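Down below is the structure, laid out as structure tokens.
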Amino acid sequence: GESVGLHLPTLSVQEGDNSIINCAYSNSASDYFIWYKQESGKGPQFIIDIRSNMDKRQGQRVTVLLNKTVKHLSLQIAATQPGDSAVYFCAENYYGQNFVFGPGTRLSVLP
Amino acid sequence: DTGVSQNPRHKITKRGQNVTFRCDPISEHNRLYWYRQTLGQGPEFLTYFQNEAQLEKSRLLSDRFSAERPKGSFSTLEIQRTEQGDSAMYLCASSPRGSGSGDTQYFGPGTRLTVL
């Protein structure tokens with residue numbers, strides 16, 4: 001398959017371990033954030049979102065943490081599986097304007 | 001399949017030719033977005049529509065690019081006189097609401113353009 005990103009930061013984890021992917025966002029006024037997963041040759045897939053009035057939100061095997069003080073977002077994936085291997089992007093939004101995407105992190109799950 | 005669809009999935013063209021891509025959003029989604037993504041980068045915003053109205057265009061959208069959403073449903077993105085620098089993945093996304101705080105955008109599979 002076609003590679004989504006050739007020179008992205010890479011996080012390698014053992015299958016079954018927890019993964020933490022970090023993102024620094026740019027606009028202190030951003031009020032809505034999304035984590036997307038992108039596999040080679042495919043469009044970004046929604047994982048989880050969070051609004052600025054929250055600092056934590058949990059989904060199925062995923063948790064997003066928001067620290068507005070330092071403009072930092074993280075995605076935690078529990079019990080990482082081979083199918084989690086992909087490039088992960090955070091995206092920020094200010095009051096309904098277009099999303100601004102971070103540079104992405106490649107997650108590689110080792111057997 | 002009720003997700004966002006894009007056609008064609010791949011397009012190879014010679015420099016100087018015109019190309020047109022189509023996006024069909026999720027039914028009843030009011031907003032439709034176009035993004036461009038190059039290798040190693042996140043998607044970059046190009047333009048978006050609220051129903052049939054084009055509300056914002058990025059400075060990335062040169063005068064060779066034009067987008068339409070004539071009936072507020074599907075959209076087309078045309079690139080005239082293509083250049084090698086236009087080679088990229090062109091992504092379409094839609095979201096259900098139209099105003100106020102941000103709403104989740106759902107992406108299509110993209111159209112991969114290669115300009116020779």
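If you go through the stretch A:14-31 and keep only what is over 25 Å from B:THR38 (Cβ atoms) and at pLDDT below 95, you end up with A:SER28, A:ALA29, A:ASP31. Of everything listed in (1) closer than 23 Å to B:TYR48 by Cβ; (2) outside any strand (DSSP E or B), the single unmet condition for A:SER40 is (1).
Restricting the stretch B:33-52 to residues that are polar (S, T, N, Q) and out of contact with any strand residue (DSSP E or B) (no Cβ under 7 Å at 6 or more places or on another chain) leaves a set whose member that is nearest to the other protein chains (Cβ to nearest Cβ) is B:GLN41.
Where strands (runs of 3 or more DSSP E) fall entirely within the stretch B:53-116, those with at least 2 residues that are within 14 Å of chain A (Cβ to nearest Cβ) are at B:53-57, B:88-95, B:111-115. Filtering the stretch A:84-101 down to residues that are of a type in the set (Gly, Ala, Ser) and surrounded by fewer than 22 Cβ atoms within 10 Å (Cβ to Cβ), which residue is nearest to the other protein chains (Cβ to nearest Cβ)? Within the stretch A:84-101, the match that is nearest to the other protein chains (Cβ to nearest Cβ) is A:GLY96. Do we find that A:ARG51 is more than 10 Å from the chain's Cα centre (by Cα) and facing chain B (nearest Cβ under 8 Å) in this structure? Criteria met by A:ARG51. The residues in the stretch B:2-31 that are outside any strand (DSSP E or B) and within 13 Å of chain A (Cβ to nearest Cβ) can be counted, and the count is 6.
The values are calculated or read from the model by the stated rules, or taken from the named source; none is laboratory data. As the structure is a computational prediction, the values presented were derived from the model and not from experiment. Here Cβ is always computed from backbone atoms with ideal geometry, including for glycine, and neighbour counts include all displayed protein chains.
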